[in-house]
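Engineer: There's a structure below that I have some questions on.
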Amino acid sequence: MVETDWDTAMEAVAGRTRELVAERGPSSVGFYTTGQLFLEEYYTLGLIAHGGIGTNHVDGNTRLCTATAAAALKESFGCDGQPGSYTDIDHADTICLYGHNMAETQTVLWTRILDRLAGPNPPQLVCVDPRLTPVAEAARVHLAPRPGTNVMLMNALLREILDHGWVDRDYLEAHTVGFAELSKMLDGYTVERAAEVCGVPPSDLREAARIIGAAERLLSTVLQGFYQSHQATAAAVQVNNVHIVRGMLGKAGCGILQMNGQPTAQNTRECGADGDLPAFRNWSNDAHIADLARVWNIDPMDIPHYTSPTHAMQIMRYVEDGSIRFLYVTATNPAVSMPELRRMREILSQDRLFLVVQDIFLSETAQLADVVLPAATWGEKTGTFTNVDRTVHLSEKAVEPPGEARADLEILLDYARRLDLRDKDGAPLVKWRTAEEAFDGWRECTRGRPCDYTGLSYDKLRGGSGIQWPCNDEHPDGAEHIYVAGDFWSHPDHCESYGRDMVTGAPVEPSEYRSLNPDGKAILKAAEYLPPHEMPSEEFPFQLITGRTLYHFHTRTKTGRAPQLQAAAPEVWVEASAADAEEQGWTEGDLLRVTTPRGEVSARLRVSGIRQGVLFLPFHYGYWDTDAGHRPDGSDGRAANELTLTDWDPASKQPIFKTAAAAAHRIGAAEGPSLAPTTTGSRPVTTEVPATSGGPTALAEERFENTGAAR
């Protein structure tokens with residue numbers, strides 16, 4: 001890398017784009033973005049890529065964490081967008097958390113649940129998680145299934161609910177299709193069968209079903225334990241089915257939050273910066289394409305819609321085979337976050353690939369790039385962002401960006417100008433120059449769509465705590481709930497998606513969807529349980545899952561530079577159960593080598609409350625703060641994704657991070673306990689481990705210094 005000026009860098013980026021589009025066509029260009037930009041930046045990127053360059057290869061790292069949230073909502077309701085609201089926590093009498101360690105992934109939201117638990121009339125909690133997380137400890141029932149068996153578990157719960165008559169027959173008759181097929185498919189899913197397959201006590205399954213069936217105000221949340229596992233969409237859809245058969249939608253305390261894992265993941269999906277089109281338009285509905293072309297003032301044929309937009313894993317395959325020669329990566333780090341990292345490094349290191357990385361730190365991916373563009377972070381620019389419950393916020397610039405860093409919007413506008421993108425009248429395609437102007441352009445794009453922003457403005461968003469879409473003439477102050485009284489966005493003329501086969505991933509034909517759901521009702525979709533693709537064996541006897549810890553975010557490019565956070569979780573660890581540790585002769589703090597057919601990682605052992613037969617690795621730890629820089633040095637791998645497999649859910653295309661077959665062997669004796677946090681899901685089973693100490697304490701500083709991390 002050599003330092004240069006903005007004009008040289010941007011001309012190199014735009015010049016290579018122009019060359020490739022002229023020589024090889026728009027499909028030689030791909031964009032891989034994030035869940036951490038502002039709405040205005042996503043919308044601008046979507047316009048440049050889809051409407052200007054004309055490439056179909058656009059996706060975000062939201063594909064790795066919450067693509068299944070969108071897919072499951074589309075399958076059940078024909079459209080993305082959360083039915084529930086955060087305020088449902090204040091009213092629910094039962095809260096179910098499916099694969100969602102909220103205490104570590106949405107800590108502020110978890111405090112809201114803790115307030116309910118400590119107050120009058122506390123709700124009952126049901127937790128589904130193979131680890132003994134803080135959520136599991138607070139739950140009335142904790143179900144810890146084998147990884148990859150979520151569909152079996154959900155089908156058994158649904159069968160119990162149906163068998164006991166805990167259903168709203170009037171709601172089913174008036175507002176749903178597919179109940180007969182669902183009921184028939186559930187015939188074989190007994191509690192006893194599920195208990196055997198999932199490895200959970202049948203009494204716990206029955207008690208969980210009873211609590212859900214008796215709830216008067218039911219709230220469910222879903223996250224990575226379902227989304228990143230086998231049959232992800234099918235499992236998340238069954239959570240929707242629970243609410244549909246119980247009529248628990250569209251009223252206080254009754255909601256579904258198919259959660260997001262990043263602060264602006266909802267905007268990635270809304271604005272067309274991932275595998276969708278802006279404002280939840282349907283890529284296979286010609287009327288929707290024509291309407292988007294009207295908004296952008298371009299020819300409908302200029303918008304690629306011959307098939308659905310390319311998902312991230314397929315984008316990387318196209319890079320691998322050479323059909324994509326230009327990849328623009330924004331605010332994400334695939335060299336650590338993608339599965340099967342050895343393969344990913346080879347893909348991103350190709351000489352024929354022109355790799356652009358726009359970020360705030362020199363990440364592992366940036367170290368592989370041809371051009372690195374220094375971007376401003378959230379407090380150094382202005383824009384809006386939308387929470388998972390559809391609440392839109394305005395974030396105004398607090399400080400100037402350092403050095404020559406620029407806001408992402410400013411960089412994208414410069415890129416569009418250099419490409420000289422034009423509408424069909426010859427005017428600039430991107431017609432705004434400020435964030436507020438971009439927001440106004442987005443408002444018009446949403447008119448009449450489910451995520452209608454037309455009643456919002458920067459002035460209206462100032463001074464409050466956010467407004468929930470839809471916000472328009474009908475809902476001038478926003479809407480706390482959608483799908484009130486069975487009013488869905490699933491009509492064939494309006495829906496964002498006609499759905500997919502949840503086994504093959506094949507899109508449902510428009511005529512088939514219209515025949516199934518001509519009146520736009522909620523769709524009950526059945527799902528048969530299928531075993532995971534990679535099962536334990538004699539050589540690889542464990543199941544490996546990856547996940548997060550409270551103290552770090554994604555690939556640690558920001559949190560690893562905060563001394564207090566780094567001190568609380570300074571190095572990678574591997575969790576195993578007490579039973580497995582005893583059987584293998586391991587003790588707390590032993591150095592283990594964890595292997596799969598794809599790679600190996602060395603980590604200190606934490607003996608935790610995880611279920612037997614399962615290993616856990618946090619996925620945050622890459623190599624930017626090591627001598628290696630962007631890749632492991634010999635056998636010293638520490639990134640969990642050295643081990644994960646290239647496989648994805650057929651419907652949502654989300655990679656599977658939680659069912660790899662693995663082996664583990666001790667390669668070094670303990671020199672004390674693991675430095676894994678003790679205040680989280682990695683809490684040790686023994687009381688002899690010193691408590692985690694974040695903050696500016698002497699112990700924290702000592703732990704931080706001992707890791708050798710860069711300051």
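Engineer: Output the number of residues of the stretch 403-431 satisfying the condition of being free of Cβ contacts under 8 Å to residues at least 12 places away in the same chain, part of a loop (DSSP other than H, G, I, E, B) and not acidic (Asp, Glu).
Structural biologist: Residues flagged as free of Cβ contacts under 8 Å to residues at least 12 places away in the same chain, part of a loop (DSSP other than H, G, I, E, B) and not acidic (Asp, Glu) within the stretch 403-431 amount to 2.
Engineer: For ILE303, all conditions in the list (1) modelled with pLDDT of 95 or more; (2) out of contact with any helix residue (DSSP H, G or I) (no Cβ under 6 Å at 6 or more places or on another chain) hold save one; what is the number of the exception?
Structural biologist: Every listed condition holds for ILE303 apart from (2).
Engineer: Could you tell me how many of the residues in the stretch 437-459 are of a type in the set (Phe, Trp, Tyr) and surrounded by fewer than 24 Cβ atoms within 10 Å (Cβ to Cβ)?
Structural biologist: 1
Engineer: Related question: Any idea which residue in the stretch 217-229 is nearest to GLY261 (Cα to Cα), counting only those that are open to solvent by less than 10 Å² (accessible area, probe 1.4 Å) and over 15 Å from the mean Cα position of the chain (by Cα)?
Structural biologist: Looking at the filtered set, the residue picked out is SER220.
Engineer: Taking the stretch 667-711 as the region of interest, how many residues are in a loop (DSSP other than H, G, I, E, B) and at pLDDT 60 or above?
Structural biologist: Selection size over the stretch 667-711: 25.
Engineer: When you scan the stretch 589-646, how many residues do you find that are among the hydrophobic types (A, V, I, L, M, F, W, C), out of contact with any strand residue (DSSP E or B) (no Cβ under 6 Å at 6 or more places or on another chain), over 16 Å from GLU575 (Cα atoms) and at pLDDT 95 or above?
Structural biologist: Count: 0.
Engineer: Looking at the stretch 150-174 only, could you name the residues that are out of contact with any Asp or Glu (no Cβ under 9 Å at 6 or more places or on another chain), more than 23 Å from GLN228 (Cα to Cα) and either in contact (Cβ under 8 Å) with a residue 12 or more places away in the chain or polar (S, T, N, Q) (or both)?
Structural biologist: Within the stretch 150-174, GLU160, ILE161, LEU162, HIS164, VAL167, ASP168, ASP170, TYR171, LEU172, ALA174 meet the criteria.
Engineer: Here is a list: ASP168, ASP115. Which entry is acidic (Asp, Glu), over 25 Å from the mean Cα position of the chain (by Cα) and within 30 Å of THR264 (Cβ to Cβ)?
Structural biologist: Result: ASP115 is the single residue among ASP168, ASP115 that is acidic (Asp, Glu), over 25 Å from the mean Cα position of the chain (by Cα) and within 30 Å of THR264 (Cβ to Cβ).
Engineer: Would you mind stating whether VAL2 is out of contact with any Ser or Thr (no Cβ under 6 Å at 6 or more places or on another chain), open to solvent by 10 Å² or more (accessible area, probe 1.4 Å) and within 21 Å of GLN266 (Cβ to Cβ)?
Structural biologist: no
Engineer: On to the next question. Considering the stretch 391-408 alone, what residues qualify as being β-branched (Val, Ile, Thr) and either on the phi > 0 side of the Ramachandran plot or out of contact with any Cys (no Cβ under 9 Å at 6 or more places or on another chain) (or both)?
Structural biologist: THR391, VAL399
Engineer: Mind checking which residues of the stretch 118-141 are within 20 Å of the chain's Cα centre (by Cα) and in a loop (DSSP other than H, G, I, E, B)?
Structural biologist: ASP129, PRO130, ARG131, THR133
Engineer: Next up: Looking at (1) at pLDDT below 85; (2) open to solvent by 10 Å² or more (accessible area, probe 1.4 Å), can you tell me which one PRO650 breaks?
Structural biologist: Single failed check for PRO650: (1).
Engineer: While we're looking at this one, here's another question. Against the conditions (1) more than 16 Å from THR33 (Cα to Cα); (2) among the charged types (D, E, K, R); (3) in contact with a helix residue (DSSP H, G or I) (Cβ under 8 Å, 6 or more places away or on another chain), where does GLU364 fall short? Just the number, please.
Structural biologist: For GLU364, the failing item is (1).
Engineer: Kindly establish whether LEU205 is in contact with a helix residue (DSSP H, G or I) (Cβ under 6 Å, 6 or more places away or on another chain) and either buried (at least 23 other Cβ atoms within 10 Å of the Cβ) or not charged (D, E, K, R) (or both).
Structural biologist: Here the answer is yes, as LEU205 does meet what is asked.
Engineer: Test GLU346 against the criterion of being open to solvent by 40 Å² or more (accessible area, probe 1.4 Å) and in contact with a helix residue (DSSP H, G or I) (Cβ under 6 Å, 6 or more places away or on another chain), and give yes or no.
Structural biologist: No.
Engineer: Being surrounded by fewer than 20 Cβ atoms within 10 Å (Cβ to Cβ), in contact (Cβ under 8 Å) with a residue 24 or more places away in the chain and assigned to a helix (DSSP H, G or I) is the filter here; which residues of the stretch 294-329 pass it?
Structural biologist: Listed by number, the residues that qualify are VAL295, ASP302, MET313, GLN314, TYR318, GLU320.
Engineer: Identify, by number, the condition in (1) at positive phi; (2) of a type outside the set (A, V, I, L, M); (3) within 28 Å of the chain's Cα centre (by Cα) that GLY464 doesn't meet.
Structural biologist: Here GLY464 clears every test but (1).
Engineer: Six or more apart or on different chains, Cβ under 7 Å: which pairs go from a residue in the stretch 58-80 that's on the phi > 0 side of the Ramachandran plot to one that's open to solvent by 10 Å² or more (accessible area, probe 1.4 Å) and hydroxyl-bearing (Ser, Thr, Tyr)? Could you list them?
Structural biologist: As it stands, the answer is GLY78/SER497, since those pairs meet every condition given.
Engineer: Here's something else I'd like to know. Note down all Cβ pairs under 8 Å where the first residue falls in the stretch 128-145 and is among the polar types (S, T, N, Q), the second is outside any loop (DSSP other than H, G, I, E, B) and surrounded by 24 or more Cβ atoms within 10 Å (Cβ to Cβ), and they're at least six residues apart or on different chains.
Structural biologist: THR133/CYS127
Engineer: Follow-up question, since we're still on this one. Can you say whether LEU516 is open to solvent by 60 Å² or more (accessible area, probe 1.4 Å), under 26 Å from THR176 (Cα atoms) and touching a residue at least 60 places away in the same chain (Cβ under 8 Å), as far as the supplied structure shows?
Structural biologist: Spelling it out, LEU516 is indeed open to solvent by 60 Å² or more (accessible area, probe 1.4 Å), under 26 Å from THR176 (Cα atoms) and touching a residue at least 60 places away in the same chain (Cβ under 8 Å).
Engineer: Might you check whether a residue that is closer than 20 Å to GLN36 by Cβ, of a type outside the set (Gly, Ala, Ser), open to solvent by less than 60 Å² (accessible area, probe 1.4 Å) and in contact with a helix residue (DSSP H, G or I) (Cβ under 9 Å, 6 or more places away or on another chain) occurs anywhere in the stretch 417-436?
Structural biologist: No, the conditions are met nowhere in the stretch 417-436.
Engineer: Under the condition of being touching a Leu at 6+ places or on another chain (Cβ under 7 Å) and open to solvent by less than 20 Å² (accessible area, probe 1.4 Å), which residue from the stretch 460-479 is nearest to GLY272 (Cα to Cα)?
Structural biologist: Looking at the filtered set, the residue picked out is CYS471.
Engineer: Residues to consider are SER608, SER602; find the one that is under 18 Å from GLY672 (Cα atoms) and surrounded by fewer than 22 Cβ atoms within 10 Å (Cβ to Cβ).
Structural biologist: SER602
Engineer: Can you name every residue in the stretch 363-398 that is under 28 Å from SER27 (Cα atoms) and open to solvent by 40 Å² or more (accessible area, probe 1.4 Å)?
Structural biologist: GLN367, ASP370, VAL372, PRO374
Engineer: Further, regarding this structure: Against the condition closer than 30 Å to SER465 by Cα and free of Cβ contacts under 8 Å to residues at least 12 places away in the same chain, how does GLU380 come out, does it pass?
Structural biologist: Taking the combined requirement at face value, the residue does not satisfy it.
Engineer: Pick out the one residue from ALA174, ALA195 that is in contact with a Leu (Cβ under 8 Å, 6 or more places away or on another chain), of a type in the set (A, V, I, L, M) and either crowded, with 20+ Cβ neighbours inside 10 Å or in a helix (DSSP H, G or I) (or both).
Structural biologist: Just a single option satisfies the conditions, and that option is ALA195.
Engineer: Out of all the residues in the stretch 25-50, which are small (Gly, Ala, Ser) and more than 14 Å from ASP276 (Cβ to Cβ)?
Structural biologist: Residues satisfying the conditions are GLY25, SER27, SER28, GLY30.
Engineer: Identify, by number, the condition in (1) β-branched (Val, Ile, Thr); (2) open to solvent by less than 20 Å² (accessible area, probe 1.4 Å); (3) in contact (Cβ under 8 Å) with a residue 40 or more places away in the chain that ILE289 doesn't meet.
Structural biologist: (3)
The values are calculated or read from the model by the stated rules, or taken from the named source; none is laboratory data. If you're wondering where the values come from, they're calculated on a predicted model, not measured in any experiment. Counting neighbours? That spans all protein chains shown, and the Cβs are built from the backbone with ideal geometry, glycine included. The area values use the complete protein model at the heavy-atom level, side chains included, leaving out ligands, DNA and RNA. Shrake-Rupley method; radii C 1.70, N 1.55, O 1.52, S 1.80 Å.
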